[in-house]
Amino acid sequence: ELINKKSYLRTPQNITFNNNESERNCMWEASHDGYKKNFNKIIKRKLYIDKKDHNINGEDSIISTKFTSKKMIYHIRFHLMPSCNCILTNNKKIILIKTKNKQSIIFNSNSKLNIEDSIIINQDNKIQYSKQIVISGYADNTKKTIKWSINIS
């Protein structure tokens, strides 16, 4: 999510998806140009999934298509189910998540993290309150790559 006036006027024209899979791992890579018209940015996400350990390593990239001296604030959001509880650690780069089944998940990033309130619309079209993990920062005229991981402990 990039913020600017009329930022709702974004529709991707080009969407790409590539994958590579082996017995142990799979890699998915997708990108879109939905922010190109308003912000001169291409968004790319790479996911590396370990099938045996069920861990995910991710990379989100914000790629500039035009030189600009303006920095744009970005927010990368990961929405949690209402039944999940989470806590931000002191270094602000790790979030501990506990599922309703008491499973522990560690969300880790090379950037500072935050937890914000969110909502979901359930199957009965009712609002349920939840949390979201947010990575925020500034993107400039270079390629900005944010790394994160989800590990089940």
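The values are calculated or read from the model by the stated rules, or taken from the named source; none is laboratory data. Model, not experiment: these values are computed from the prediction. Every residue, glycine as well, gets a Cβ built from its backbone with ideal geometry; the counts of neighbours run over all protein chains shown. Protein only, heavy atoms only, side chains kept; ligands, DNA and RNA dropped before computing areas. Shrake-Rupley method; radii C 1.70, N 1.55, O 1.52, S 1.80 Å.
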Residues (open to solvent by 50 Å² or more (accessible area, probe 1.4 Å), within 18 Å of ILE94 (Cα to Cα) and not β-branched (Val, Ile, Thr)) located in the range 139-153:
LYS147, SER153
Scanning the range 116-138 for residues that are among the aliphatic types (A, V, I, L, M), surrounded by fewer than 16 Cβ atoms within 10 Å (Cβ to Cβ) and under 15 Å from the mean Cα position of the chain (by Cα) gives none
Candidate set from the range 60-75 (those that are among the charged types (D, E, K, R) and surrounded by fewer than 16 Cβ atoms within 10 Å (Cβ to Cβ)); member that is modelled with the highest pLDDT:
LYS66
Exactly one condition in (1) in contact with a Leu (Cβ under 7 Å, 6 or more places away or on another chain); (2) open to solvent by 40 Å² or more (accessible area, probe 1.4 Å) is not met by ASN101; state its number.
(1)
Kindly indicate whether any position in the range 73-89 is of a type in the set (D, E, K, R) and farther than 20 Å from PHE39 by Cα.
no
Could you pull out the residue among MET81, MET27 that is over 27 Å from GLU116 (Cα atoms), surrounded by fewer than 16 Cβ atoms within 10 Å (Cβ to Cβ) and modelled with pLDDT of 95 or more?
MET27
With respect to the numbered conditions (1) open to solvent by less than 40 Å² (accessible area, probe 1.4 Å); (2) closer than 18 Å to LEU113 by Cβ; (3) modelled with pLDDT of 95 or more, which one is the sole condition not fulfilled by ILE49?
(2)
